[in-house]
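These notes are about the structure you will find just below.
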């Protein structure tokens, strides 16, 4: 896949709940957590257990956590940080970077549920990048399904195909898109140093 601003390091201002910060974080650590357990059994094979979930769900459910670090906070951003930290619920967040969700067609189902919304539909995206999702079935790019909001609270997106994708192989449907996550604040941290410097670390967790 060709390199784009979505596949390289951080280039765009992150979208952080609609709040505007004058400085982007200096670094972001992103960790995906898979909803599965793995156990190595006596014959040396690894048995992977995944929960049985709703029809049309991705083959692997992942939730993300991020640590955003500012080694020096701009004074103009101080009140923005404290307001974000005071929020009791969840808010929108995106790095403007793409990911894949993978599904298995069965030649019957036409509806598949992506775990996040399309970021470029939720809010105005930065310029200079093509934000249209790319859908592959059996390794070939196809016309995109119809994307529509499935659950406003959970932030999912319904991908509806006009005809059932084939059951040629497991995990044969792959949709690349730029997601808008719903996150909550966990473990905010402040570090003070002399002279006159304040550092911030903000940990976000996808709901």
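The values are calculated or read from the model by the stated rules, or taken from the named source; none is laboratory data. Here the structure is a predicted model, which means the values were calculated and not measured. Heads up, the Cβs are rebuilt from the backbone with ideal geometry, glycines too, and the neighbour counts pull from every protein chain shown.
So for region 185-203 (the condition being within 14 Å of residue 116 (Cβ to Cβ) and either in contact with a helix residue (DSSP H, G or I) (Cβ under 6 Å, 6 or more places away or on another chain) or surrounded by 13 or more Cβ atoms within 10 Å (Cβ to Cβ) (or both)), does at least one residue qualify? Reasoning before the result, please.
Taking region 185-203 first, the residues within 14 Å of residue 116 (Cβ to Cβ) are none.
Looking through region 185-203, none of the residues is within 14 Å of residue 116 (Cβ to Cβ) and either in contact with a helix residue (DSSP H, G or I) (Cβ under 6 Å, 6 or more places away or on another chain) or surrounded by 13 or more Cβ atoms within 10 Å (Cβ to Cβ) (or both).
Name, by its number, the condition in (1) without any contact (Cβ under 8 Å) to a residue 12 or more places away in the chain; (2) part of a strand (DSSP E or B) that does not hold for residue 42.
(2)
Residues to consider are 66, 70; find the one that is touching a strand residue (DSSP E or B) at 6+ places or on another chain (Cβ under 9 Å), farther than 24 Å from residue 174 by Cβ and in contact (Cβ under 8 Å) with a residue 40 or more places away in the chain.
On the way: 66 fails: farther than 24 Å from residue 174 by Cβ.
Answer to the check: 70.
Looking at region 154-207, which of its residues are assigned to a loop (DSSP other than H, G, I, E, B), in contact (Cβ under 8 Å) with a residue 24 or more places away in the chain and over 20 Å from the mean Cα position of the chain (by Cα)?
Residues of region 154-207 that are assigned to a loop (DSSP other than H, G, I, E, B), as a first pass: 154-155, 161-172, 178, 194-196, 207.
Remaining after also requiring in contact (Cβ under 8 Å) with a residue 24 or more places away in the chain: 154-155, 161-172, 178, 207.
Answer for region 154-207, where residues must be assigned to a loop (DSSP other than H, G, I, E, B), in contact (Cβ under 8 Å) with a residue 24 or more places away in the chain and over 20 Å from the mean Cα position of the chain (by Cα): 161, 162, 163, 164, 165, 166, 167, 168, 169, 170, 172.
Could you tell me how many of the residues in region 103-131 are within 13 Å of the chain's Cα centre (by Cα) and assigned to a loop (DSSP other than H, G, I, E, B)?
Of the residues in region 103-131, 2 are within 13 Å of the chain's Cα centre (by Cα) and assigned to a loop (DSSP other than H, G, I, E, B).
Hey, can you tell me all the residues within region 132-153 that are assigned to a loop (DSSP other than H, G, I, E, B) and under 21 Å from residue 16 (Cα atoms)?
Residues satisfying the conditions are 152, 153.
Rundown of residues vs (1) surrounded by 13 or more Cβ atoms within 10 Å (Cβ to Cβ); (2) out of contact with any helix residue (DSSP H, G or I) (no Cβ under 8 Å at 6 or more places or on another chain); (3) more than 16 Å from residue 93 (Cβ to Cβ), yes/no style:
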residue	(1), (2), (3)
122	yes, yes, no
127	no, yes, yes
136	yes, yes, yes
149	yes, yes, yes
165	yes, yes, yes
175	yes, yes, yes
183	yes, yes, no
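Among the residues of region 50-90, which ones are assigned to a loop (DSSP other than H, G, I, E, B) and surrounded by fewer than 11 Cβ atoms within 10 Å (Cβ to Cβ)?
Within region 50-90, the first condition is being assigned to a loop (DSSP other than H, G, I, E, B), and the residues that meet it are 50-61, 71-74, 87-90.
Residues satisfying the conditions are 51, 52, 54, 55, 88, 89.
Tell me whether region 14-32 contains one or more residues that are within 30 Å of residue 167 (Cα to Cα), under 17 Å from the mean Cα position of the chain (by Cα) and at pLDDT 85 or above.
Our first condition is that a residue be within 30 Å of residue 167 (Cα to Cα); within region 14-32, this holds for 32.
Cutting the leftovers down to under 17 Å from the mean Cα position of the chain (by Cα) gives us 32.
Next, only the ones that are at pLDDT 85 or above stay: 32.
Looking through region 14-32, at least one residue is within 30 Å of residue 167 (Cα to Cα), under 17 Å from the mean Cα position of the chain (by Cα) and at pLDDT 85 or above.
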